[in-house]
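The values are calculated or read from the model by the stated rules, or taken from the named source; none is laboratory data. If you're wondering where the values come from, they're calculated on a predicted model, not measured in any experiment. Cβ placement follows ideal geometry from the backbone for every residue including glycine, while neighbour counts extend to all protein chains displayed. For accessibility, only protein heavy atoms count, side chains too; no ligands or nucleic acids. Shrake-Rupley method; radii C 1.70, N 1.55, O 1.52, S 1.80 Å.
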Amino acid sequence: MSTEMSVLLLWLVLIQEGAAIRPAVTFTPDYKKIFTSEQITMTCDVGSTIGEGMDYIWYRDSEEVYNGQSYIIQYAETSHSGYYQCQTRPGEISDPARLEVSNRYVILQTPLYVYEGDDIYIRCHHYPGYEGGQTLFYKDKKNIRDWEDSAEYYISNVTRTTAGTYGCMKEVYYNGRYNLHEDDVSVFVQDLFTTPTISVTPQPVITTDKMSLTCQTSLPPPPRHNTQLRIAFYREGGIVQGFGVSDTYEVYNVQLEDSGKYSCEVETTDGRVRKRSAETIIQIEEIFSHPIITLTNNVVTEGDPMALTCNTTLSPYRPTTRLEFAFYRDGRKIQDSSPSNKYEVQSAQLEDSGNYTCHVRTSISPTMKISDGCNIWVQGHTIGYTRQNIIRLTLSTGVLIAAALFVFHHIQWMKSMEPADRPTP
């Protein structure tokens, strides 16, 4: 296999694995303005160490001008000004980078790329061979530094507010005196990384699931693509996973109380740049509803069949989940866990009375839900007959008493009908 074919296959593998990075143009020295006669080196940064042996193509204003990873201009001319791009073969083409070559007395030099959190110097540079005097700096037409001998202005920890139009005024000595010259340039501050977003899997999240939250952000192309970041996760504003290198937060055997508003925060290792995602509401859904225990027949009499049913509804997102049911009476198990949601007694006895509950769980999780209690009273036949006998006995006793009273009164009446005096025999 030829060297060219080997390199091509290597690049294809790297691209498929996500290792290939879009190239970026970098300048050395890192200024996007230079004077004529000065030297600059432009490099096609692919963000890896595999660049050797690759083909690089350079374009200025969309026209091919050079082949090779580094394009060196040893003696710049104004004709070298333009937008430069580089491309790997095979591979993507970089974003354009503007180079301006000037032959004026003074230029304001700023870095090619300015990112959040950077420390940068802007330089009020005078043409080589001349003597420079004091320098003044301003931003958006307002002075930010009075006249000093230093031709550089330092900006620490760049933020979005750093962006603007910067200018400088400098003394340049020629024709026997110092003359004032100035220049300005617009400074744009780029995102070091994008505002993060948070995503959750699976969707929806059901109780007992393993829930994974991912914090997603992206870094710019080289030379900042290797910036080290740390990530933290929050729920309802409280931290649930502190800053670390992992972009994932996982919850095993998730429960309803894990519902809430989640967000993530990304920062650089020095803490200079920090961004937080918008909150995402995650509502955990039940894998099955709270069970309800019901009695098939309303009144249970001793000797009758008795049937209890444990009713629950399975989530439509987990239709194949297997549920197991167990039954308890007065807190003691009377039927072990099984797929059946029924408990049956062929012939109820007095001792079957009590407070019944059912316990439901999935076959793969310890999560359990317990129904409210159902009080069942088994009526005995003896109690019913005794009441009837008492009624019958009461009625019979009443009849007997009434009959006895009748006979007693009848005898008394008969006695009252006999003559008071009878003749002596």
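With the requirement that a residue be part of a loop (DSSP other than H, G, I, E, B) and in contact with a strand residue (DSSP E or B) (Cβ under 9 Å, 6 or more places away or on another chain), what does segment 284-302 give you? Walk me through it before giving the result.
First, pick out the residues of segment 284-302 that are part of a loop (DSSP other than H, G, I, E, B): 284, 286-287, 289-291, 296-299, 302.
Matches in segment 284-302: 284, 286, 287, 289, 290, 291, 296, 297, 299, 302.
Among the listed residues 230, 224, identify the single one that is of a type in the set (D, E, K, R) and not in a strand (DSSP E or B). I'd like the intermediate steps shown before the answer.
On the way: 230 fails: not in a strand (DSSP E or B).
The unique qualifying residue is 224.
Applying the selection to segment 117-163, what residues are part of a loop (DSSP other than H, G, I, E, B), under 23 Å from residue 190 (Cβ atoms) and of a type outside the set (Val, Ile, Thr)?
Listed by number, the residues that qualify are 117, 118, 119, 140, 156, 157, 163.
Residue by residue, here is whether (1) free of Cβ contacts under 8 Å to residues at least 12 places away in the same chain; (2) part of a strand (DSSP E or B); (3) open to solvent by less than 20 Å² (accessible area, probe 1.4 Å) holds:
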{"residue": "56", "(1), (2), (3)": "no, yes, yes"}
{"residue": "59", "(1), (2), (3)": "no, yes, no"}
{"residue": "64", "(1), (2), (3)": "yes, yes, no"}
{"residue": "72", "(1), (2), (3)": "no, yes, no"}
{"residue": "83", "(1), (2), (3)": "no, yes, no"}
{"residue": "91", "(1), (2), (3)": "no, no, no"}
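Checking residue 357 against (1) assigned to a strand (DSSP E or B); (2) open to solvent by less than 20 Å² (accessible area, probe 1.4 Å): exactly one of these is not met. Which one?
With (1) assigned to a strand (DSSP E or B); (2) open to solvent by less than 20 Å² (accessible area, probe 1.4 Å) applied to residue 357, the lone miss is (2).
(1) open to solvent by 60 Å² or more (accessible area, probe 1.4 Å); (2) farther than 22 Å from residue 157 by Cβ; (3) among the hydrophobic types (A, V, I, L, M, F, W, C): which one isn't true of residue 200, the others all being true?
Every condition holds for residue 200 apart from (1).
Considering only segment 214-252, state which residues are touching a residue at least 60 places away in the same chain (Cβ under 8 Å) and surrounded by 14 or more Cβ atoms within 10 Å (Cβ to Cβ).
Taking segment 214-252 and keeping what is touching a residue at least 60 places away in the same chain (Cβ under 8 Å), we get 215, 220-226.
Listed by number, the residues that qualify are 215, 220, 221, 222, 223, 224, 225.
Within segment 264-282, restricting attention to residues that are closer than 30 Å to residue 364 by Cα and touching a Gly at 6+ places or on another chain (Cβ under 9 Å), which residue is surrounded by the most Cβ atoms within 10 Å (Cβ to Cβ)?
Here is the first cut: in segment 264-282, the ones closer than 30 Å to residue 364 by Cα are 280-282.
In the following step, the residues that additionally are touching a Gly at 6+ places or on another chain (Cβ under 9 Å) were identified as 281-282.
Numbers: 281: 8, 282: 20.
It comes out as 282.
Do any residues in segment 156-178 that are closer than 15 Å to residue 121 by Cβ have Cβ atoms under 6 Å from those of residues that are at pLDDT 95 or above and surrounded by fewer than 15 Cβ atoms within 10 Å (Cβ to Cβ), where the two are at least six apart or on different chains, and which pairs are they?
Matching pairs, first to second residue: 156/119.
Would you confirm, using the coordinates I've provided, whether residue 263 is of a type in the set (Gly, Ala, Ser) and over 30 Å from residue 326 (Cβ atoms)?
Numbers: of a type in the set (Gly, Ala, Ser): yes; over 30 Å from residue 326 (Cβ atoms): yes.
So residue 263 passes the test.
Could you list, in sequence order, all residues of segment 246-256 that are over 15 Å from residue 202 (Cβ atoms) and at pLDDT below 95?
Within segment 246-256, 255, 256 qualify.
Only one of (1) outside any loop (DSSP other than H, G, I, E, B); (2) surrounded by 19 or more Cβ atoms within 10 Å (Cβ to Cβ); (3) among the hydroxyl-bearing types (Ser, Thr, Tyr) fails for residue 113. Which number is that?
Single failed check for residue 113: (1).
Would you be able to tell me the number of residues in segment 93-110 that are open to solvent by 20 Å² or more (accessible area, probe 1.4 Å) and either more than 13 Å from residue 45 (Cβ to Cβ) or not acidic (Asp, Glu) (or both)? Let's see the steps before the verdict.
So the first thing to find is which residues in segment 93-110 are open to solvent by 20 Å² or more (accessible area, probe 1.4 Å), and the list is 93, 95-96, 98, 100, 103-105.
Cutting the leftovers down to either more than 13 Å from residue 45 (Cβ to Cβ) or not acidic (Asp, Glu) (or both) gives us 93, 96, 98, 100, 103-105.
Number satisfying all stated conditions: 7.
Report yes if residue 287 is under 27 Å from residue 334 (Cβ atoms), open to solvent by less than 60 Å² (accessible area, probe 1.4 Å) and modelled with pLDDT under 95, otherwise no. Outline the logic, then answer.
Values: under 27 Å from residue 334 (Cβ atoms): yes; open to solvent by less than 60 Å² (accessible area, probe 1.4 Å): yes; modelled with pLDDT under 95: yes.
Yes.
Search segment 297-315 for residues being free of Cβ contacts under 8 Å to residues at least 40 places away in the same chain and over 43 Å from the mean Cα position of the chain (by Cα), and hand back the single one that is least open to solvent (accessible area, probe 1.4 Å). I'd like the intermediate steps shown before the answer.
First pass over segment 297-315, keeping only residues free of Cβ contacts under 8 Å to residues at least 40 places away in the same chain: 297-298, 307, 309, 311, 313-314.
If we keep only those that are over 43 Å from the mean Cα position of the chain (by Cα) as well, we get 297-298, 307.
Working: 297: 43, 298: 148, 307: 25 Å².
Only one residue tops the list, namely 307.
When you look at residue 164, is it open to solvent by less than 30 Å² (accessible area, probe 1.4 Å) and at positive phi, yes or no? Write out each step before concluding.
On the way: open to solvent by less than 30 Å² (accessible area, probe 1.4 Å): yes; at positive phi: yes.
Yes; evaluated as a whole, the condition is true for this residue.
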